[in-house]
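So the structure is just underneath, and the comments pick up after that.
Bear in mind these aren't lab numbers, they're just calculated from the coordinates by the rules spelled out. What you see is a predicted model; the values in this text were computed from it and never measured. So basically every Cβ, Gly included, is an ideal-geometry build from the backbone, and we count neighbours across all protein chains shown.
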Amino acid sequence: MASRYHETYEAWRRDPEAFWAEAAAEIDWVKPWDKVFDPSLGGYGRWFAGAQCNTCYNCLDRHVERGRPGQPAIIYDSPITGAQASYTFEETLERVNAMAAILVDHGVARGDRVIIYMPMIPEAVMAMLACARIGAVHSVVFGGFAARELATRIDDATPKAIIAASCGIEPGRVIAYKPLLDAAVEMAVHKPDACFVLQRTQAPAELTRPQDRDLGALMDEALALGRKIECVPVEATDPLYILYTSGTTGQPKGVVRDNGGHMVALKWTMENHYGVEPGEVFWAASDVGWVVGHSYIVYAPLLHGATTVVFEGKPVGTPDAGTFWRVIAEHNVVALFTAPTAFRAIKKEDPEGKLIGDHDLASFRTLFLAGERADPDTLAWAEDKLGVPVVDHWWQTETGWPIVGNPVGLGMLPVKHGSPTVPMPGYDVQVLDDAGHPLPAGTLGNVVVKLPLPPGCLPTLWNAPERFHASYLEDFPGYYKTADAGIMDEDGYLFVMARTDDIINVAGHRLSTGAMEEVLASHKDVAECAVVGISDSLKGQAPCGFVVLKAGVNRPHSEIEKELVALVREKIGPVAAFKLAITVERLPKTRSGKILRATMRQIADGAEYRMPATIDDPAILEEIESALKDRGLAV
Ligand code: COA
Ligand code: AMP
């Protein structure tokens, strides 16, 4: 079929407001908008100003009321515990009502924040929807972060309540969440009124603090009473959630998502980008702690009336590299969305893709990859072994949905390996030089999006409008800075090459090298340090820390390096995957004192590098190379 992409993109370009107003007809509104777009509001304007709506109503109630009460909304598949469960839209609604009742009973109201600290269990999704139901603003914190990171988020979001589980489960170890939660609450200045804990049999928690509540027991009570809480109408422009993501410093950025525009954009993508019909099963193998989890485990599939899969496991090792194929076959998944790193892990364990043949993948139509650059080898392997289209698409926590993709629903465009394809309607993507001038096709530059951003993208940062402006809008007036560098080719295909800031991408997880440097610098023996992301065949990138010790420190370097690895794990969390600290005599710098991180990265990757003209002392690069060679790198 000929793609309708070009005509659709042109329709958006001709009249963006008419385009989004038409898309908004797919959503149930309590009150229609006064203006589709009001340029006078917020940092760059606001979508659907004056409208009122409820996201939970659109995800659940309307499907129960209109023909889908008995269809599964959530399929829970947990190879790590052996558990499986399925909840229809009606059952999900009952549980969300119960959770909403518990929140209301504890004084949580519209506009209050609630932190959710849970692993991949259905209650995590229900907790998010319960907040949405009562107009509370959730902030989900990924389980792989340490207590200090959780504390930072508690102090920034100042939640009235925290909803947690007693533990998460990683291959080979159970992670008790309650001690982490208690430590975080202890560390934080702000104290939540209530901590609801869902007891899991693998590691029940002691609920001894005055604010502790047993979530399971309260749920049972509320369910037995058939408690129902009406959806609270909120402004389309009110925040639905805050999701913290790495910035260039240790203080994460609280990306704000609104209610109205978010629903409109996500609903549009399900049909037009992902090519999924209501009633079908869509699976995003990510985590609710990341944006992919928010958008494509929870909100988009449910808004669309599709079934979502909550998968508690890993692509390999739970129990093997065939898990993904089993889940697809068992639950009739039509589309899978994951990060390329998951496929690199599978390819490593099962290079021939033999385990694929053990399962009937007749339902499976499309594989979507995002979160990091999809390397052409992995892409080609997936295409070859699965025999379905593999769609790379590019987006960010900030945008909440694809900026650039290949619209399966509108009809796919030819694939060019290495490119996530073309801008989606809503995004006028351009490539500019550092001074803000447009660059010709084929030239590497700063990827920016002409303002306004479309519905669903962040309107601001929580409690930090100035930081929002400084981070995204200041460098290229009139544009949103993506902080990615890329190339647009003659056909309008974008190739996303690298970040232009200190963010690295480890196993599809976005991490700040600046935050890791702050931790290393806090060690008593460290004089200065630099963290760079070096190539890793499985995780894409891995952090590598170079440290210069203070004069007079004469303990064995290996001992200090071990302490540094442990310190990053303790302060940021295991998700940082920081395993390599290397002691060096000096760091290479420019004459003005800037550390040459990019050059160090190139040396570590064994890539060609040019001696920076401004380098202070070229001999230091040889020292770095030799330190790396001692660790088997830089070859
Ligand atoms: N809670 C606690 N710890 C967690 C965690 C969680 N939710 N998630 C990860 N961790 C831990 C891991 O156990 C690991 O600990 P270790 O250092 O003791 O081994 C560490 O954090 C690093 O995790 P990760 O980078 O994920 O590496 P891994 O070796 O455990 O797994 C992959 C590698 C590729 C299998 C894994 O990253 C994966 O499944 N990726 C899928 C893609 C994805 O989820 N992307 C998110 C955005 S789409
Ligand atoms: P996150 O906010 O965690 O989704 O990370 C966003 C960043 O991940 C982007 O700015 C890119 O650097 C990178 N990224 C995400 N998807 C892709 C992709 N398909 N290709 C290249 N880089 C990507």
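Could you please state, rounded to a whole Å, how far the C-alpha centre of the stretch 69-115 is from the C-alpha centre of the stretch 228-286?
What the calculation gives is 17 Å, centre to centre.
Pull up the cross-link candidates among the aspartates and glutamates for LYS450, meaning alpha carbon to alpha carbon under 14 Å and not fewer than 8 places away within one chain.
ASP428, GLU474, ASP475
Listed highest first by mean packing, meaning other Cβ atoms within 10 Å per residue, what order do 211-224, 1-14 come in?
Most protected by this proxy first, the peptides run 211-224, 1-14.
How big is the dipole moment of the stretch 507-630 about its Cα centre under a simple scheme where the beta carbon of each Lys and Arg is +1, that of each Asp and Glu is -1, and everything else is neutral? Debye, nearest 20, please.
Computed charge dipole of the stretch 507-630: roughly 360 debye.
Most exposed first by the Cβ proxy, i.e. fewest other Cβ within 10 Å, how do MET600, MET126 rank?
Ascending Cβ contact count within 10 Å gives the list MET600, MET126.
Using +1 on the beta carbon of Lys and Arg, -1 on that of Asp and Glu, and nothing else charged, what's the dipole of the stretch 93-171 about the Cα centre, debye to 20?
180 debye
GluC sites (Glu not before Pro) within the stretch 549-635: which are DSSP loop residues with at most 16 other Cβ atoms inside 10 Å?
Qualifying residues, ordered by number: GLU585, GLU608.
Rounded if a/c is under 1.5, else prolate if a/b beats b/c, else oblate: with a ≥ b ≥ c from the C-alpha gyration tensor eigenvalues square-rooted, which is the stretch 507-630?
Judged from the Cα gyration tensor, the stretch 507-630 comes out oblate (a/c at least 1.5, b/c at or above a/b).
Looking at the chain only, what percent of DSSP beta bridges run antiparallel? Nearest 5 please.
Roughly 60 percent of the DSSP beta bridges within the chain come out antiparallel.
Among all the lysines, which ones have a C-alpha under 25 Å from LYS160's C-alpha, if same-chain residues fewer than 8 places away are not counted?
LYS178, LYS191, LYS228, LYS253, LYS571
Starting from the Cα of HIS557, step 7 Å along the direction of its Cβ; do the same at ASP377; then give the gap between the two resulting points in nm.
3.0 nm
Going by a ≥ b ≥ c, the root eigenvalues of the Cα gyration tensor, does the stretch 279-337 fall in the rounded group (a/c under 1.5), the prolate group (a/b larger than b/c) or the oblate group?
In terms of gyration-tensor shape, oblate.
Taking every DSSP beta bridge that has both residues in the stretch 269-409, what percent is antiparallel when rounded to the nearest 5?
5 percent
Would you compute, from DSSP H runs of 4+ residues alone, the mean residue ellipticity of the chain at 222 nm, taking -39500 (n - 2.57) per run and dividing by the full residue count, rounded to the nearest 500?
Rounded to the nearest 500, the figure is -8500 deg cm²/dmol.
Using a cut-off of under 13 Å, list every residue of the stretch 93-122 whose amide N is near the label point 7 Å from the Cα of GLU221 along the Cα-to-beta-carbon line.
99, 101-107
For LYS385, go through the lysines and keep the ones whose alpha-carbon is under 19 Å away, minus same-chain ones fewer than eight residues off.
Answer for LYS385, where 19 Å is the Cα cut-off: LYS347, LYS348, LYS354, LYS416, listed by chain and number.
GLN211 to ILE175: extension gain in nm, 0.36 nm per residue of separation minus the Cα-Cα distance?
Answer, rounded to one decimal: 10.8 nm.
Please report, in debye to the nearest 20, how large the charge dipole of the chain is about its Cα centre when each Lys and Arg carries +1 at its beta carbon and each Asp and Glu carries -1 there.
The dipole magnitude comes to about 740 debye.
Distance from the Cα centre of the stretch 534-594 to that of the stretch 412-465, in angstrom?
With the stretch 534-594 and the stretch 412-465 each reduced to a Cα centre, they are spaced 33 Å.
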